[in-house]
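Student: Questions regarding the structure given below will be posed in turn.
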Amino acid sequence: DVKVTQSSRYLVKRTGEKVFLECVQDMDHENMFWYRQDPGLGLRLIYFSYDVKMKEKGDIPEGYSVSREKKERFSLILESASTNQTSMYLCASRVRQGAHEQFFGPGTRLTVL
Amino acid sequence: GENVEQHPSTLSVQEGDSAVIKCTYSDSASNYFPWYKQELGKRPQLIIDIRSNVGEKKDQRIAVTLNKTAKHFSLHITETQPEDSAVYFCAASKGNTDKLIFGTGTRLQVFP
């Protein structure tokens, strides 16, 4: 059974703070993804990684960066948090390219004050 | 780039009725179309998917149809039950990028 976990369910930060969101998967999946989910906008891809040390920009990468030093862990970094980054952040993993099904984590609801 | 539009944004049905959610996509090269279900407070989960070489796929009470000419695909739920209440997301991707582009979601409510 695939398990994708995220470091926090709820997080409150102040404007300008550096924020780290962590995602871990335990099924040796090659691909990992970060999305943000906002009402009326669906899920939008921020960054993704096909394998360790690799990263690709998604559709809304501005204001974010990522790190994938180990295969099981994919971190999303907000260098200087802003109020418009208040959102639900979802991590997902996939066995490999072409496998299609993505397995999601429970999400982190981030509030930036 | 690819754009996926989803309608309606909300849908209310009586238990036992059918529900249909429709999506259109813009990139004719898209070849994979999944549907995810997200129950309240839970993570999205894949419920059914279809590839472009197939026109229809069915799994018990849910089915997906694809019209490549018109570039639209639909989710059909028959004999709806209260546990079908959730937000449903359609998505599209194409082989060379393999990224999923999601629709904006449909909140389905099934009333007993």
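The values are calculated or read from the model by the stated rules, or taken from the named source; none is laboratory data. Just so it is clear, the structure is predicted and the values come from calculations on it, not from any experiment. Virtual Cβ from ideal backbone geometry, glycine too; neighbours counted across all protein chains shown.
Student: Need the failing condition index for B:T24 against (1) assigned to a strand (DSSP E or B); (2) within 12 Å of chain A (Cβ to nearest Cβ); (3) not small (G, A, S), just the number.
Tutor: It is condition (2) that B:T24 fails.
Student: Considering only residues of the range B:91-112 that are part of a strand (DSSP E or B) and facing chain A (nearest Cβ under 9 Å), which is nearest to A:D38 (Cα to Cα)?
Tutor: Once the filter is applied, the top-ranked residue is B:F102.
Student: Among (1) of a type outside the set (D, E, K, R); (2) surrounded by fewer than 17 Cβ atoms within 10 Å (Cβ to Cβ); (3) modelled with pLDDT of 95 or more, where does B:V4 come up short?
Tutor: Result: B:V4 fails condition (2) only.
Student: Go through the range A:63-104 residue by residue and tally those that are under 11 Å from the mean Cα position of the chain (by Cα), within 14 Å of chain B (Cβ to nearest Cβ) and buried (at least 22 other Cβ atoms within 10 Å of the Cβ).
Tutor: Residues in the range A:63-104 being under 11 Å from the mean Cα position of the chain (by Cα), within 14 Å of chain B (Cβ to nearest Cβ) and buried (at least 22 other Cβ atoms within 10 Å of the Cβ): 6 in total.
Student: For the range A:45-62, enumerate the residues that are more than 14 Å from every other protein chain (Cβ to nearest Cβ) and more than 18 Å from A:E22 (Cβ to Cβ). Don't jump to the end; show me each part of the working.
Tutor: Filtering the range A:45-62 down to residues more than 14 Å from every other protein chain (Cβ to nearest Cβ) leaves A:52-53, A:62.
Listed by number, the list holds a single entry, A:E62.
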